[in-house]
Amino acid sequence: MSIRFYNTINRKKVEFEPITPGTVKLYTCGPTVYDTAHIGNFRTFLFEDLLKRFLIFKGYKVYHVMNITDVDDKTIKRANKEGMTINELTLRYTKEFMNDIKSLKILPADKYPRATDHIAEMIQMIQTLEESGYAYETKDHSVYFRLDSYDSYGQLTKIDLTKQRSTERIINDEYSKDNPQDFALWKAWDDEDGKVFWESPWGRGRPGWHIECSAMSIKYLGNHFDIHCGGVDNIFPHHENELAQSVSATKGLFVNYWMHSEYLHIQGDKMSKTLGNFHKISDLISEGFTAEEIRFTLLSAHYRSKLNFSLNQNQEARTAIQRITDIQQRLFELKDSAQTESPMPDEFEEFVAALDDDLDTPKAFAIFFGWIRSMNNLLDKGELMLSQINGGLEFIGKFDDLFAIIPEEEIVPQELYDLIDKREKARLKQDWKTADKIRNLLHKEGWLVEDSPSGPKVKPKK
Ligand code: AMP
Ligand code: ZN
């Protein structure tokens, strides 16, 4: 079946076809590195990870670029407050972000361009816009995009600009602009910027936020590429402005599919730094969440529906993950006697079809867990056929390629194996006292021993 994605610009699901067969060029708006990213941000980054894993699963080669916003009002303000240069501040939070990405098993992007390394490209794009009448310099030597020069403005947001204009004019005091809605491409230096500025044809200043994503996406993916992602708050004004300035600068097409994930909420409000209602990844880890439980919690809702987060969701995630590892274990134990030729279960096709339909994770999860239930029933009744084993294990493997929620095997230290061996020998001699003593010792060291028909199994205590 073909893939269908909800394209924000079409306001509906449309068939997905990349520009170059077999390859997908993907740009995702990255973090503003003035502080630690919160799990709301990571809901968006995990949606993008799922999208990318899914495209890889479908056989595409994905080339992925994620920018790092390392200069804006927030970074400048925070660096001044901390008595650091913006470079020191943003390097610290970029490092933290990369650690979080790794610990959440998010596939790394092919490139993470930093805004401050691309000022020349941004200046060049602004000059192109100015030369063709899409941009103008104001008295204070800032440069603005001239909204009236671009007829298609509002395609992503579907906003009625004529209505907006009259209200905005009242609240907007930047009267040096030709139109209050014109947005900044280049901001002239002012006292608050301190030592943060770059020389440009318009004097000292720094780029506006939107121009960085246009300049960097075009540099690394070309004028016209496949998918551009972000959270819904990126639609306006960020992506709307990016679209306007990119199309005006290149005089051609920019992005084919715009995909946006909904907010992560907490007690009914959007999780955000401004409201102070956020959790960081490290907070969740110290609350007992594992990376896999965080992934499960943030990925089990559909990316286009709001998701309300609470700390007790890790219980639900833990139970679900345990169900997967238990069935995997049961199938592994039977694997030796299974035939090598083994078809995928019928449910696999339905599972993929659910994901083909705009990444319908709730439906895909319902199919997958329904299949686990039926496998367990067959196993309990002794009715599972050997031909179902390898296909079943492959289904679990594919599921995990997409969601990455099965914990990686803990490495069991050799001393533990020696102890387990000793305990087995004691059990064989019916020396229960020694066997229990060793079990308690292992427990103290953080390991659980379970006796199964195929011998003792050891796993880390949760
Ligand atoms: P920022 O670091 O503010 O530029 O945000 C990085 C990404 O996180 C953007 O794509 C935002 O749309 C996204 N984002 C911010 N808050 C939330 C939230 N509460 N839920 C989902 N995504 C969010
Ligand atoms: Zn962006």
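The values are calculated or read from the model by the stated rules, or taken from the named source; none is laboratory data. Computed from a prediction, not measured in an experiment: that's the story for all the values here. Reconstructed Cβ throughout: ideal geometry from the backbone, glycine too, with neighbour counts over all protein chains shown. Calculation scope for accessible area: heavy atoms of the full protein, side chains included, ligands and nucleic acids excluded. Shrake-Rupley method; radii C 1.70, N 1.55, O 1.52, S 1.80 Å.
For the reader, a short list of remarks on this structure follows.
- Too-long pairs where the Cα-Cα distance tops 26 Å, listed order kept, from Lys437/Lys459; Lys12/Lys74; Lys12/Lys273; Lys335/Lys433; Lys95/Lys459: Lys12/Lys74; Lys12/Lys273; Lys335/Lys433; Lys95/Lys459
- Using alpha-carbon coordinates, inclination of helix 86-103 to the longest axis of the chain, degrees: 30 degrees
- Extension gain (nm, one decimal) between Ser103 and Lys195, 0.36 nm per residue minus Cα-Cα: 29.6 nm
- Taking every DSSP helix (H) stretch of at least 4 residues in the chain, weighting each as -39,500 (n - 2.57) and dividing the sum by the residue count yields a mean residue ellipticity at 222 nm of -14500 deg cm²/dmol.
- Descending by average beta-carbon neighbour count within 10 Å, the peptides 90-101, 426-437 line up as 90-101, 426-437, the highest first.
- Overall shape of segment 214-301 was characterised from the C-alpha gyration tensor. The equivalent ellipsoid obtained from it has semi-axes of 34, 15, 11 Å, in decreasing order.
- With viscosity 0.890 mPa s and temperature 25 °C, the Kirkwood radius over alpha carbon pairs of segment 192-233 converts through Stokes-Einstein to a diffusion coefficient of 192 µm²/s.
- For the chain: accessible area per residue (Å², 1.4 Å): 49 Å²
- Local net charge near Asp193, Cβ-Cβ under 12 Å (Lys/Arg +1, Asp/Glu -1): 0
- Just the protein heavy atoms count here, and of the accessible area of the chain at 1.4 Å, carbon and sulfur take up 50 percent.
- Beta bridges per DSSP with both ends in the chain, % antiparallel, nearest 5: 50 percent
- Over the chain, the Kirkwood radius and the radius of gyration, each from Cα atoms, give a ratio Rg/Rh of 1.06.
- Descending by average beta-carbon neighbour count within 10 Å, the peptides 228-235, 292-299 line up as 292-299, 228-235, the highest first.
- Highest mean first, the peptides 187-195, 366-374, 48-56 sorted by other C-beta atoms within 10 Å per residue fall in the order 48-56, 366-374, 187-195.
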